[in-house]
C-alpha cells in the first residue's frame with residue numbers, strides 16, 4: 001500500500017464511507033507530524049493518551065482552561081492509574097449492554113449499528 005499525498009506533498013488519508021474516522025486520522029497525522037514525541041511511550045496506551053490530549057487541546061480544550069488547569073488536566077489525563085481509558089470505558093459499556101445489565105435508548109442503538117456498518121465498510125468488510 002502506498003501512502004497518498006495531497007497537492008502540497010503532505011500525507012493524506014482516505015477512509016471511504018467513514019468521514020468521521022477519516023477526519024480524526026488526518027488530524028492525528030497532522031499533530032504527530034508536528035510533534036513526533038506524541039508517538040513516544042513504553043505502551044500503546046501511553047501513545048494513545050498523548051495523542052488524545054493533543055487532539056483535545058487542538059479542538060478547543062486549551063481555549064476553555066487556564067494555563068494552570070491545562071497543566072493539571074494534562075497530568076491527570078496522562079496518568080494511567082488515575083484517568084480511566086475511554087476505550088476501556090467504551091468496552092465495559094458495550095459488555096454491560098450485550099449482557100443486558102444496562103439499556104440505552106433505541107436511537108443510540110440504531111446509531112451504533114449504523115456506525116458499525118460504516119466502519120466495517122471502510123475496511124472492506126460487509
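Each reported figure results from applying straightforward, stated rules to the coordinates on display, with no laboratory input. As the structure is a computational prediction, the values presented were derived from the model and not from experiment. Heads up, the Cβs are rebuilt from the backbone with ideal geometry, glycines too, and the neighbour counts pull from every protein chain shown.
Hey, rough spin-label estimate for residue 48 and residue 32, points 7 angstrom out along Cα→Cβ, what's it come to in nanometres?
1.4
How high is the relative contact order of the chain, in percent, counting Cα pairs under 8 Å that sit 6 or more residues apart?
Relative contact order of the chain: 21 percent.
Using all Cα-Cα distances in the range 53-123, what percent lands in each 10 angstrom bin from 0 up to the longest?
Reading the bins upward from 0: 16, 30, 29, 23, 1.
May I ask you to order 58-71, 99-112 by the average number of other C-beta atoms within 10 Å around their residues, highest value first?
So the peptides 58-71, 99-112, ranked by packing, come out 58-71, 99-112.
Which three extents, in whole angstrom, do the alpha-carbon atoms of the range 46-85 cover along their principal axes, largest first?
Sorted largest first, the three principal extents are 25, 17, 12 Å.
How big is the chain by the Kirkwood estimate over distinct Cα pairs, in Å?
For the chain, the Kirkwood estimate is 17.2 Å.
Given points 7 Å out from each Cα along the Cα-Cβ axis, report the residue 62 to residue 110 separation in nanometres with one decimal.
Taking the simple label geometry, residue 62 and residue 110 are separated by 4.0 nm.
With a bin width of 5 angstrom, please list the P(r) values of the range 84-126 as percents of all Cα-Cα pairs, from the 0 bin to the one holding the largest distance.
Percent of pairs per bin, in order: 5, 20, 18, 26, 21, 8, 1.
Output the peptides 29-39, 78-88 sorted from most to least packed, where packing is the average of other Cβ atoms within 10 Å over each peptide's residues.
Most protected by this proxy first, the peptides run 29-39, 78-88.
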